[in-house]
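The block underneath contains the structure these notes are about, expressed in structure tokens.
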Amino acid sequence: MAGKIVVISGFSGAGKGTVIRRLMQENDGYALSVSMTTRQPRKGETDGVQYHFVTNEAFEDLIGKDGFLEHAGYVDNYYGTPRAFVEENLAAGRDVLLEIEVQGAMQIREKFPDAIMVFVAPPSAEELKKRLFGRDTESAEKAMKRLRRAAVEVESIPEYPYLVMNTDVDACAQSLHSIISGAWTPRNPDSAHVGGEIITEASEKEAFAADFAAQLKDLLGD
Ligand code: 5GP
């Protein structure tokens, strides 16, 4: 049986990477797509592990060869999902996780209407700012650009069927697994975990997005 595509989006600095690592540690059977990017590796990142780091030229070459399932520009760089890995793993019956931003997520939704789409969010904008500026791997200027980008991305939250809180890494990873495995449904909400609340109601997603947008506006001084 073919596996499922699982899109996990969230603001840069929201802790998605940590949650996804936990999800993979705790459960077999997931394959994580390693994206290609033109951004420079951060301290501690290794080519082929967090990303395939490539030049603009190599990236554009692969676009020309239809080698991406989706790709997008984010802040100052390209990011994309290489097609081959995803297709091979789906065919082998594995659920494939794509950690991608919102423009790419919408492209995946077009091509794979059955994809499971999740937006992972930190509990508050203040917390996001703390996490972004607390990274010693990036300049304040870059952190600021990402915070500004979050103010745009927040508008897309209602597009995602699932909004999952990342207050606690374990709880968030367990809630993600509950969604993907089908254990969680709105009628069976008990498999959501405290610190990893799952929100699917349109009005609640909209309210969260509006409140988060207002918090970001305050922080950005707009
Ligand atoms: P970062 O530079 O912080 O690693 O990633 C910046 C943003 O790009 C994050 O929101 C991340 O989820 C997203 N991203 C990473 N890989 C891909 C990809 O292959 N495609 C798209 N569209 N976004 C990606």
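The values are calculated or read from the model by the stated rules, or taken from the named source; none is laboratory data. Keep in mind that what you see is a predicted model, and the values were worked out from it rather than measured. Methodologically, a virtual Cβ is constructed for each residue, glycine included, from the backbone with ideal geometry; neighbour enumeration extends over all protein chains shown. Note: accessible area is taken over every heavy atom of the protein model, side chains too, but ligands, DNA and RNA are not part of it. Shrake-Rupley method; radii C 1.70, N 1.55, O 1.52, S 1.80 Å.
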Unique match (being within 10 Å of the ligand (Cβ to nearest atom) and either out of contact with any Gly (no Cβ under 9 Å at 6 or more places or on another chain) or farther than 26 Å from His177 by Cα (or both)) among Val86, Val34, Val49, Val75: Val75
Condition check for Ala125: open to solvent by less than 10 Å² (accessible area, probe 1.4 Å), under 23 Å from Leu220 (Cβ atoms) and touching a helix residue (DSSP H, G or I) at 6+ places or on another chain (Cβ under 6 Å): yes
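If you check Asp66 against the conditions, is it assigned to a loop (DSSP other than H, G, I, E, B) and open to solvent by 40 Å² or more (accessible area, probe 1.4 Å)?
For Asp66, the condition - assigned to a loop (DSSP other than H, G, I, E, B) and open to solvent by 40 Å² or more (accessible area, probe 1.4 Å) - is met.
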Failed criterion for Leu98 (all others in (1) open to solvent by 20 Å² or more (accessible area, probe 1.4 Å); (2) within 13 Å of the ligand (Cβ to nearest atom); (3) touching a helix residue (DSSP H, G or I) at 6+ places or on another chain (Cβ under 9 Å) hold): (1)
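Is it fair to say Gly44 is within 8 Å of the ligand (Cβ to nearest atom) and not aliphatic (A, V, I, L, M)?
Details: within 8 Å of the ligand (Cβ to nearest atom): no; not aliphatic (A, V, I, L, M): yes.
For Gly44, the condition - within 8 Å of the ligand (Cβ to nearest atom) and not aliphatic (A, V, I, L, M) - is not met.
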Exclusive hit being surrounded by 16 or more Cβ atoms within 10 Å (Cβ to Cβ) and modelled with pLDDT of 95 or more, set Asn89, Asn56: Asn89
Which numbered condition Val6 fails, given (1) more than 18 Å from Arg149 (Cβ to Cβ); (2) more than 8 Å from the ligand (Cβ to nearest atom); (3) open to solvent by 10 Å² or more (accessible area, probe 1.4 Å); (4) under 15 Å from the mean Cα position of the chain (by Cα): (3)
Selected residue [among the aliphatic types (A, V, I, L, M), surrounded by 20 or more Cβ atoms within 10 Å (Cβ to Cβ) and within 30 Å of Gly44 (Cα to Cα)] from Ala143, Ala150: Ala150
